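Chemist: Below is a structure I'd like to ask you about.
Nothing in this text is a laboratory measurement; each read-out follows from the coordinates by a stated rule. Remember, predicted model here, so these are calculated numbers, not experimental data. With ideal geometry, Cβ positions are generated from the backbone for all residues, glycine too; neighbour counts draw on all protein chains shown.
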There are 2 protein chains.
Amino acid sequence: MNYPKFEVTILGCGSATPGAGRHPSAQALHHFQDVFLIDCGEGTQDRLKEFDVKWNRINQIFISHLHGDHIFGLPGLLSTFHLNRRERKIQIFSPTGLRGPLEFLLQTGGESLSFEIEWVELNHEGSKKVWESDRLEVEAIPLDHRISTYGYIFKEKEHPRSILVEELSRFPKLNHLQLRSLKLGLDVHLESGEIIPNAVVTEKKLEARSYAYWSDTRYHSEYSTILSGMTALYHEATFLDNLKDKAQSTYHSTAKEAAELAKLSHVKTLLIGHFSSRYASIMDHQKEAQQIFPQAFAVEEGKTYVVL
Amino acid sequence: MNYPKFEVTILGCGSATPGAGRHPSAQALHHFQDVFLIDCGEGTQDRLKEFDVKWNRINQIFISHLHGDHIFGLPGLLSTFHLNRRERKIQIFSPTGLRGPLEFLLQTGGESLSFEIEWVELNHEGSKKVWESDRLEVEAIPLDHRISTYGYIFKEKEHPRSILVEELSRFPKLNHLQLRSLKLGLDVHLESGEIIPNAVVTEKKLEARSYAYWSDTRYHSEYSTILSGMTALYHEATFLDNLKDKAQSTYHSTAKEAAELAKLSHVKTLLIGHFSSRYASIMDHQKEAQQIFPQAFAVEEGKTYVVL
């Protein structure tokens, strides 16, 4: 099946303390022609360039929380948009408290930005839809970290139904609007009074896909309710199981816990990242996760993972 | 002659718009065991690691001005010091206006830093000594840029004089304090009433060296008064001579202008940097400068240049 693009490029998969050659958190999520930036650690703009991400297509930035390793790349990225004379508005979704210091810092240069920032400040409990387009909607869900933190779920809306050309040829020729109704799953009422039943002339070819970004957070089996049936889950896995207590006390997770949640949630693919710099290799994380959930990948920077 | 270490590692030699593989401004100036950080563009902490700079030895950071390409690496670097549980105070010298936004941004993580920052905010005209140790003093001098900007001059104090052991052996054995006086250039008065003339038993082996950091700024021949006789001058050279007007209107300099100032000032070595990303190669900058001042080098990141 020829699915439209839905994939994620890993820009940074390290945690707060730099090291082991990994960079702080950032991901570019590609959906059709859109690019969504998720978190923006220091140097994100360098990685966007290095990995050939079409960063002019970024119109939305989703920030999970206000620890430095998730936000310190924002001043530089926004300044570069300004130097490139960007005019299109950008939307920044983040827990309350980012706008003030960021605007303050950006003002030190003595110029105002060439584009508008629309700040969407999050301060809600439970799940909330924070953005949507014709094709996608994004929900923000509070996670359990040391400060206010949100996970994000990117859910495709139902794909248009495919028209069965042969079946449809038995009916009078339809106009543009009638064809569109069919693709949306509606029956078409002809002027003659005849009804073209959608189920007869269309079929569902593509399942709606979804991607969940879950970082930083402690493990909670209860997350499986909201993550149930997601296509792909990215979950932080700062530590290995032998540092489970440390994960708990620092509000992080282990590779094993991430895998357990993936299993409970019946997702198709698990990506793990946000690795502590104490680990030179991340193969142990992958092994630990795969023992519980075989379709688990310890992500690498510069690689792009398809949401499937 | 075996001079103690005085050299500068280039961490970033690009200008504001990223590109051409260069990073924003930052330099590590090594003097004896000390490391001084000059400017701190985004990703400076990565380059400090990559180029093996002993960054724990940084106790002073000198910021020239508050454009993003000179400061956006500070939040990350200071956070990393915090994560590494640094306890030693750090001094930050910069034009007024950095402290507020930086402290505000660092607070978003919800923790206070493990170490103290001593802010030295500059807001003076003319030259002013802003720091000194036993061996070195640092002056800040206003430059001509779009916003308040300071150049920095790092001047060695006189090196201790070397004792001529053979000459001294003709006199009675001296104690520790008397030897120290000799090294400082003083005559020694013995209890017997005899005087040991400094000029007879010591010699000056090492000249005091100096390094000037001049970025960002328009060209002014008048700078040669204060730069006269400096050992090494780093001067920005954002453009080539054919964009002299653009340099003027954006408050920057050309390679030719940097070389003219070096010649007027009779420095020994000229380093040029802060290259616009429009130049893929910087060899034309070096050529243009060397036509006027042969001992000119277009700097490269990761390279270390000796102050001589």
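Chemist: For chain A, modelled as a Gaussian network with Cα springs under 10 Å, which listed residue fluctuates most, A:108, A:238, A:254?
Modeler: Top of the fluctuation ranking is A:108.
Chemist: Mind giving me the FRET efficiency for residue A:32 and residue B:115? R0 is 51 Å, r the Cβ-Cβ distance, nearest 0.05 is fine.
Modeler: Working: r = 47 Å, r/R0 = 0.93.
Result of the calculation: an efficiency of 0.60.
Chemist: For residue A:167, place a label point 7 Å from Cα along the Cα-to-Cβ direction in every copy; what are the distances to the other copies, in nm, shortest first?
Modeler: Values, ascending and in nm: 10.7.
Chemist: If you count the DSSP beta bridges with both ends in the protein assembly as shown, what percent of them are antiparallel, to the nearest 5?
Modeler: 55
Chemist: Only Cα pairs under 8 Å and at least 6 apart count here; give the relative contact order of chain B as a rounded whole percent.
Modeler: Numbers: 674 pairs, mean separation 51.2, N = 308.
Relative CO of chain B lands at 17 percent.
Chemist: Further question on the same structure: Compute the normalised compactness of the stretch A:162-203: alpha-carbon radius of gyration over 2.2 N^0.38 Å, N being the residue count.
Modeler: Details: Rg = 9.0 Å, N = 42, 2.2 N^0.38 = 9.1 Å.
In units of the 2.2 N^0.38 Å rule of thumb, it is 0.99.
Chemist: Report, to one decimal in Å, the Kirkwood hydrodynamic radius for the stretch B:1-131 based on all distinct Cα pairs.
Modeler: Values: mean 1/r = 0.0650 Å⁻¹.
One decimal place: 15.4 Å for the Kirkwood radius.
Chemist: So what is the orientation-averaged projected area of the protein assembly as shown, using the convex hull of its C-alpha atoms, in nm²? Working shown, then result.
Modeler: Values: hull surface 147.3 nm².
For the protein assembly as shown, averaging the hull's shadow over all directions gives 36.8 nm².
Chemist: Measure out, as a whole number of angstrom, how far apart the alpha-carbon centroids of the stretch B:245-308 and the stretch B:81-125 sit.
Modeler: Going from one Cα centre to the other spans 32 Å.
Chemist: Share of antiparallel DSSP beta bridges in the stretch B:38-176, in percent to the nearest 5?
Modeler: For the stretch B:38-176, the DSSP antiparallel bridge percentage is about 50.
Chemist: Could you give the nm distance between label points at residue A:221 and residue A:144, where each point is 7 Å from its Cα heading toward the beta carbon?
Modeler: 1.2
Chemist: Report the calculated FRET efficiency for residue A:7 and residue A:287 (r = Cβ-Cβ distance, R0 = 25 Å), to the nearest 0.05. Intermediate values should be presented prior to the final figure.
Modeler: Working: r = 24 Å, r/R0 = 0.98.
The pair residue A:7/residue A:287 has a calculated efficiency of 0.55.
Chemist: Can you work out the base-10 log of I(q)/I(0) for chain A at q = 0.08, 0.11, 0.12 1/Å, using the Debye formula on its C-alpha atoms alone?
Modeler: -0.41, -0.70, -0.81
Chemist: For residue B:191 paired with residue A:278, estimate the spin-label separation in nm (one decimal), with each label point 7 Å from Cα along the Cα-to-Cβ line.
Modeler: Taking the simple label geometry, residue B:191 and residue A:278 are separated by 6.2 nm.
Chemist: Between chains A and B there is a rotation axis; tell me the chain A residue with the nearest beta carbon and how many whole Å away it sits.
Modeler: A:43, 2
Chemist: Turning to a different aspect of this structure: Taking the label point 7 Å from Cα in the Cβ direction, how far apart in nm is residue A:3 from each other copy of itself, listed shortest first?
Modeler: Ordered by distance, the counterparts are at 6.2 nm.
Chemist: At most 16 other Cβ atoms within 10 Å and a DSSP loop assignment: could you name the chymotrypsin sites (Phe, Trp or Tyr not before Pro) in the stretch B:83-146 that fit?
Modeler: In loop regions of the stretch B:83-146 (DSSP not H, G, I, E or B), the sparsely surrounded chymotrypsin sites (Phe, Trp or Tyr not before Pro) are B:115.
Chemist: Separate question: Can you tell me the 0 to 90 degree angle between the C-alpha axis of helix A:283-292 and the longest principal axis of chain A, rounded to 10?
Modeler: 50
Chemist: Once you keep just the Cα pairs under 8 angstrom separated by 6 or more residues, what percentage relative contact order results for the stretch B:162-203? All intermediate terms of the calculation are to be shown ahead of the outcome.
Modeler: Working: 39 pairs, mean separation 19.9, N = 42.
Result for the stretch B:162-203 is 47 percent.
Chemist: Here's something else I'd like to know. Quick check on chain B: helices-only [θ] at 222 nm, where DSSP H runs of length 4 and up contribute -39,500 (n - 2.57) each and the sum goes over total residues. Nearest 500, please. Each step should come with its number before you reach the end.
Modeler: Working: 11 runs with 77 residues, N = 308.
Helix-only estimate at 222 nm: -6000 deg cm²/dmol.
Chemist: Also: Please build a GNM for chain B, connecting alpha carbons under 10 Å apart, and tell me which residue among B:41, B:151, B:109 fluctuates the most.
Modeler: In the Gaussian network model the winner is B:109.
Chemist: Please figure out what share of the DSSP beta bridges in chain B is antiparallel and state it in percent, rounded to the nearest 5.
Modeler: Values: 35 of 62 bridges.
For chain B, the DSSP antiparallel bridge percentage is about 55.
Chemist: Continuing with the same structure: Please build a GNM for chain B, connecting alpha carbons under 10 Å apart, and tell me which residue among B:147, B:38, B:61 fluctuates the most.
Modeler: Result: B:147 has the largest fluctuation of those listed.
Chemist: Report, in debye and to the nearest 20, how large the dipole of the stretch A:58-163 comes out about its Cα centre when Lys and Arg carry +1 and Asp and Glu carry -1 on their Cβ. Present the calculation step by step, with values, prior to reporting the outcome.
Modeler: Values: 12 positive and 15 negative charges, 43 e Å.
Magnitude of the dipole: close to 200 debye.
Chemist: Where in the stretch A:142-204 are there GluC sites (Glu not before Pro) that are in a DSSP coil and have at most 14 other Cβ atoms within 10 angstrom of their Cβ? Show your work: numbers first, answer last.
Modeler: Values: sites: A:156, A:158, A:166, A:167, A:191, A:194, A:203; in loops: A:158, A:191, A:194.
Hits after loop and neighbour filter: A:158, A:191, A:194.
Chemist: Which whole-number percentage describes the relative contact order of the stretch A:121-264, with Cα contacts under 8 Å and a sequence gap of 6 or more? Please list the in-between numbers first.
Modeler: Numbers: 249 pairs, mean separation 28.9, N = 144.
Computed value for the stretch A:121-264: 20 percent relative contact order.
Chemist: What FRET efficiency would be calculated for the residue pair residue A:264, residue A:304, taking the C-beta separation as r and a Förster radius of 22 Å, to the nearest 0.05? Walk me through the numbers on the way to the answer.
Modeler: Working: r = 27 Å, r/R0 = 1.22.
After rounding, the FRET efficiency stands at 0.25.
Chemist: For residue B:20, place a label point 7 Å from Cα along the Cα-to-Cβ direction in every copy; what are the distances to the other copies, in nm, shortest first?
Modeler: So the label point of residue B:20 gives 3.7 nm to the other copies.
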